């Protein structure tokens, strides 16, 4: 009897990837030379066209679909009737490269130094989704077809909060009919160990703006008479979080889910040297509550962060001024099953209750996302990572940051998995963003391995 998997021989595919590594690196560099800064609109249209041509060349049915903002590149290839359909999501936009003077080499002129490729977007996210595309190319070169059905979805607005993804996904449900989503974004563990992540926290961002007089005043002539907007914000912010780390906004924790036993077990296994982290960051303690475990903080609990507090005089020496205006910029990280609208509403109600004269300004957000650890797709993905990388990945119930995964888990109802390829010190969003060349090549192998293992799991 013929081996039904013989056309997807992973050692052969891995060998092909090794033999073509120089070509893959060169082509990635060509892609990285194309600026695509969503915040400025620089190079977005050109990059969308570039990717559309790439996917078409791979034999995908490709569309460049406009949105209210920047376009989405969508490609589909159906080679495997009866096998899973996998959405491979990524984003082709990048952060602004400023400050330019901090770059060792120009941000859009890729350079390899000491085994790392330096360029804006190499880790976040061009290098990682390019690895997925080169995986497709390698599978097709070795086998003539793909082991799964694949949808490639590349958006151009992730770095500005993916504002048009919810509407896009809702409008194009028919084009996104699939069984699961795989995203390669973000870094591996600081130890270098790979990760398989099942969720992300959500986020809401907002601004609080307090006003006093119509101009700055002398603190001696007017102090004690005129309200100080900085004190107004200090008292308001203190009413939102206590000194034990509890967020005191009414009803804030109502929809926070308790972790499952599998999640508790996975979190307990994640390695961290707490004292080393504190030493590295120059800390003598972590935030309250002190007894809360390290990874529980990032996966299971929402946060309230004051990103900035501005007003009055901040220059050298003293200036006895009573400021006329103060601004606080804040974010809240959300966990399952909180929502953006719920938390915005509760924060706004809190502000009206404690400081009705303070202006509350919504600045956008993303819902959290969560996939059960016992999803039937988890095991083949885990096996695929082991075969491609030679080591077991960490199981992470949820990462601390935010991505628009909720459009897949909540709108489409699809299990969504994060398999990051970049090194922990990739410096994404910062000068000298980089990706280790070996991690890029291993990402191509991992992408191919995941599709092969998912195709096999459908017949096991």
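For segment 130-173, what is the Kirkwood estimate of the hydrodynamic radius, computed as the reciprocal of the mean inverse distance between distinct Cα atoms, to one decimal in Å? After inverting the pairwise mean of 1/r, the radius is 12.6 Å. Each peptide in 307-316, 378-387, 78-87 gets a packing score, the mean of other Cβ atoms within 10 Å over its residues, and the list from highest to lowest is 378-387, 78-87, 307-316.
Taking only the C-alpha atoms of segment 280-341, Rg followed by Dmax gives 17.3, 48 Å.
Most tightly packed first, judged by the mean number of other beta-carbon atoms within 10 Å of their residues, the peptides 289-299, 98-108, 172-182 read 172-182, 289-299, 98-108. As a proxy for reagent exposure, 169, 160, 122 were ordered by neighbouring Cβ count within 10 angstrom, fewest first; the result is 160, 169, 122. Secondary-structure-derived ellipticity at 222 nm for the chain, considering helices only, amounts to -9500 deg cm²/dmol, per-run term -39500 (n - 2.57) for DSSP H runs with n ≥ 4.
Calculation over all alpha carbon pairs of segment 190-239 in 10 angstrom steps from 0 returns a P(r) of 17, 29, 17, 13, 12, 11, 0 percent. With coordinates expressed along the principal axes, the C-alpha atoms belonging to the chain extend over 92, 48, 47 Å, beginning with the largest.
Using the Stokes-Einstein relation with a Kirkwood hydrodynamic radius computed over Cα pairs, the translational diffusion coefficient of segment 194-348 at 25 °C and a viscosity of 0.890 mPa s comes to 133 µm²/s. Here the chain carries DSSP beta bridges of which approximately 70% are antiparallel, counting only pairs with both residues inside.
Pop out the Kirkwood hydrodynamic radius of segment 94-161 from its pairwise C-alpha distances, inverse of mean 1/r, in Å to one decimal. About 14.3 Å, per the Kirkwood formula over Cα pairs. Peptide packing: for 437-450, 350-363, the average count of neighbouring Cβ atoms within 10 Å per residue gives the ranking 437-450, 350-363, highest mean first. Can you compute log10 of I(q)/I(0) for segment 353-397 with the Debye formula, treating each Cα as one identical point scatterer, at q = 0.24, 0.31 Å⁻¹? Treating every Cα as an identical point scatterer, log10 I(q)/I(0) equals -0.93, -1.13.
Pairwise Cα separations in segment 1-119 fall into 10 Å bins from 0 onward with the following percentages, short to long: 11, 30, 33, 19, 6, 1, 0. Take the Kirkwood radius over Cα pairs of segment 57-202, plug it into Stokes-Einstein at 20 °C and 1.002 mPa s, and you get 126 µm²/s for translational diffusion.
We did not get these values from a lab; they are worked out from the coordinates using the rules stated. All values derive from a computational prediction rather than experimental measurement. All Cβ positions, even for glycine, are placed from backbone atoms using ideal geometry, and neighbour counts span all protein chains on display.
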